[in-house]
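Read through the structure below, which is laid out as C-alpha cells, and then see the notes.
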Amino acid sequence: MQTDSLMKNSSLMVTKGKGILAADESTPTCTKRLASINVESSYESRNEYRDMLFSTPGLEEFISGVILYDETIRQTTTCDKKIPFPDYLSSKGILPGIKVDTGAKSLAGFKGEKITEGLDGLRNRLNEYYKLGARFAKWRAVITIGDNIPSDACILSNAHALARYAALSQESGIVPIIEPEVLMNGLHTIETCYEVTQRTQNIVFEQLMMHHVLMEGVVLKPNMVVSALDCNKQADIEKVAEMTCKCLMKNVPGDVQGIAFLSGGQSSDDACMHLNKMNQKYMEDMPWNLTFSYGRALQNDALIAWGGSNREKGQEALYYRAKCNSYATKGLAFDMLKNAL
Ligand code: 13P
C-alpha cells in the first residue's frame, strides 16, 4: 500500500481553510440541475457548466479537491487549449477526485431502503482513474429514516460495501472518501437523526477496521445531525453543532485523517453556519479538521447566476460561497454571512 501518498493526499484534502467541491453529479442529476435554470442537458452543456466552475479565478485559495464524474474526468477545458480537467485542476494545485459508486438501488427484501452498487470491476476502474489523474474517490451510501427503518441489514450491507471500496481504493493509491449519508428527508427529530447517524458511523468504522483500511488515509464525509426537513421542531445552529460533534467524538477514530461534511439539502447559508459553529465552539476538542465537501451548498447560487451563459457571475457566486465556507472551517464565517444576509 502506498501509505505515504495516501496520508499526504488525504491531509491535503482537509488542509485548514480549504474544502472540497463535489461536482460529481451523475448525468441524470446534472440534467435535473440544468433543467432548473432551463438549460438543456447535453455533453457540451455539462462540459461548459463544469468548465465555468473549475476555471473560477482563485478557486484554489479555498478548494483543495474537486470530485468529478466519469464523464467529466474525460472532458477538457472549453477554452482554446483543451486541457483535460484532471490536468487543469492539478495545475491549479487542486486534487482531482472521482465518484466510483454506480448509485443507490433498492435493497431487495427491505422496502424503502437502498444499497449502493459499484463493487464489480472496481479494481480495474480505479486503476484507470488513477491513470487519468484521480487521487481520491467517493462512494455514497444512503440511509433512510422512516417507519421501522433503517434496518440493521441496510446499515450493515452499506457499511460492508464502503469498507470493500475503501480497501480497493487504498490498494490503487487512491484516498477513499467514506460517505454514509443519513438523509434529512422526512419528519423525524434531531434526536432520531443522532441515534441513526451514530449507529451508522459505529458500524461503518467497525467494517473499515475489519477490512484493514488505513484510517490516516481516509476522509469521512458524514451528514450533519439535523432535524428532518419536514420536522415541525427545527433544532437551532447551536444544537446541530453540539450533536454533530458529539456523534463524531463518540464514533470516529481519532486517527481518521479528516472530516468533510456533505450539505445534504440544507440551504447554502445553513450548511455554512453549522460548519462555522462547530469550528468556533469545538475546534480545540476535535482531533480532526472539520471542513466541507459540498455539492448543492457550493453550486446552487453559481448555477442560478450562470444561467447558462454568464460565466463571470457564476464564478463570482462560487468564489463567494467557497470563501464563506473556508472561513467556516476556522469558525470565522459569521460576520461575513451576517453582512451578506
Ligand atoms: P450535497 O452537498 O449536495 O449533499 O452533495 C454532496 C455529495 O457529494 C453527495 O454525494
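Here, each number is a calculation from the coordinates, and none is a lab measurement. None of these values were measured; they are calculated from a predicted model. Heads up, the Cβs are rebuilt from the backbone with ideal geometry, glycines too, and the neighbour counts pull from every protein chain shown.
Those helices (runs of 4 or more DSSP H) of segment 227-341 in which 2 or more residues are more than 16 Å from the ligand (Cβ to nearest atom) and touching a residue at least 24 places away in the same chain (Cβ under 8 Å) occupy 237-251, 268-282, 311-328, 334-340. Residues that are surrounded by 22 or more Cβ atoms within 10 Å (Cβ to Cβ) and more than 14 Å from G314 (Cα to Cα) within segment 56-65 comprise F62, I63, S64, G65, listed in sequence order. For segment 117-144, the set of residues classified as closer than 30 Å to V196 by Cα and within 16 Å of the ligand (Cβ to nearest atom) consists of E117, G118, F136, A137, K138, W139, R140, A141, V142, I143, T144, listed by residue number.
Of all residues in segment 166-183, which are closer than 21 Å to L21 by Cβ and not in a strand (DSSP E or B)? Across segment 166-183, the qualifying residues are S169, I174.
Looking at L21, L68, L53, which one is over 30 Å from P287 (Cβ atoms), of a type in the set (A, V, I, L, M, F, W, C) and buried (at least 18 other Cβ atoms within 10 Å of the Cβ)? Answer to the selection: L53.
Would you mind finding the one in K105, K92, K111, K99 that is surrounded by 13 or more Cβ atoms within 10 Å (Cβ to Cβ), basic (K, R) and more than 24 Å from N310 (Cα to Cα)? Don't jump to the end; show me each part of the working.
On the way: K105 fails: surrounded by 13 or more Cβ atoms within 10 Å (Cβ to Cβ); K92 fails: more than 24 Å from N310 (Cα to Cα); K111 fails: surrounded by 13 or more Cβ atoms within 10 Å (Cβ to Cβ).
K99 is the lone residue from the list that is surrounded by 13 or more Cβ atoms within 10 Å (Cβ to Cβ), basic (K, R) and more than 24 Å from N310 (Cα to Cα).
Looking at segment 1-112, the helices (runs of 4 or more DSSP H) lying wholly inside it that each contain 1 or more residues that are among the aliphatic types (A, V, I, L, M) and within 16 Å of the ligand (Cβ to nearest atom) sit at 3-13, 27-35, 43-54, 70-73.
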